[in-house]
Amino acid sequence: MTGAAARIEGLPEIFPVFPLTGALLLPGGRLPLNIFEPRYLAMVDDALGAGRVFGMIQPDPQRPEGPVGPNLYRIGCLGRISAFSETDDGRYLITLTGLIRFCVVEEAEMRRGYRRAHGDVSEFRHDLVVAAGGEGMADRTVSRSRLMASLRRYFHATGVDANWDAIEAISDQALVITLCMACPFSPVEKQALLEAPTEAERASALLALLEINAHRHHE
């Protein structure tokens, strides 16, 4: 199963989940991960033998901790291991490519120390189009010029020295995905970007966050 060929019918209903505060994976995005804890090394080992998929999800700070660890947000993103290497000291360096968002129906029994979830992906079918490189922002409400202007203000306010030629060469959709994942927004802000119902609404939310955070850094 590749990102481009993934189908709803081929996705597992129960899969490992990696709870990580501040980490955002979106359909079509690529998230590099440095895996070193024994339970997550075991998780990657198991995922490599079972479709190479697991879910990224954030702990929910508004809910009390449960018997197996922090309570989780309701929505995460299922990804596929698209690159893998092992270091001399036993760590795994992987890239997880986003496939489709999921809703946690309930947690499943833990396995080898890592958590698993029953996930429902049915309401996010369009994510597979985005993950396969299809155009998801045909109805976008944010112009490229406005997004770039806000990004320049945000980078100036935060002291980021950007490669603007490289940024200009990225497609609208890839730019929104990359910025949502890479910008150091708060965990709550990143969760809001993940849960945006459409690509156009995510782009609008990104624009608002760039402008709000640029203003904060000027205060």
Could you list, bin by bin from short to long, the percent of Cα-Cα pairs of segment 61-219 in 10 Å steps? 9, 31, 33, 21, 5
Fewest-first ranking of 181, 43, using other Cβ atoms within 10 Å as the exposure measure: 181, 43
Note: segment 37-78 at 4 °C, 1.567 mPa s; Kirkwood Rh on alpha carbon pairs; Stokes-Einstein D in µm²/s works out to 110 µm²/s
Estimated dipole of the chain in Debye, rounded to 20 [Cβ of Lys and Arg +1, of Asp and Glu -1, Cα centre]: 100 debye
A student asked for the Cα radius of gyration and Dmax of segment 7-149 in angstrom ought to give 16.0, 49
Within the set 63, 30, 125, GNM on the chain using Cα springs under 10 Å gives the largest fluctuation to 63
Expected 222 nm ellipticity per residue - DSSP helices of 4 or more, -39500 (n - 2.57), all of the chain, to 500: -10500 deg cm²/dmol
Where q = 0.11, 0.15, 0.19 Å⁻¹, what log10 of I(q)/I(0) comes from the Debye formula for segment 4-80, counting one point per Cα? -0.30, -0.57, -0.90
When 94, 8, 81 are ranked with the fewest other C-beta atoms within 10 Å first, the list becomes 8, 81, 94
Please report, in whole Å, how far the alpha carbons of segment 144-218 spread along each principal axis, starting with the longest. 30, 28, 18
Can you give me the C-alpha center-to-center distance between segment 140-219 and segment 94-115, rounded to a whole angstrom? 27 Å
Over the chain, what is the relative contact order in percent, taking alpha-carbon pairs closer than 8 angstrom and at least six residues apart? 24 percent
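Only the coordinates and a few stated rules stand behind these numbers; no lab work does. Every value quoted in this text rests on a predicted model; they were computed, and no experiment measured them. Don't worry about glycine lacking a Cβ; one is built from the backbone with ideal geometry, like all the others, and counts go over all protein chains shown.
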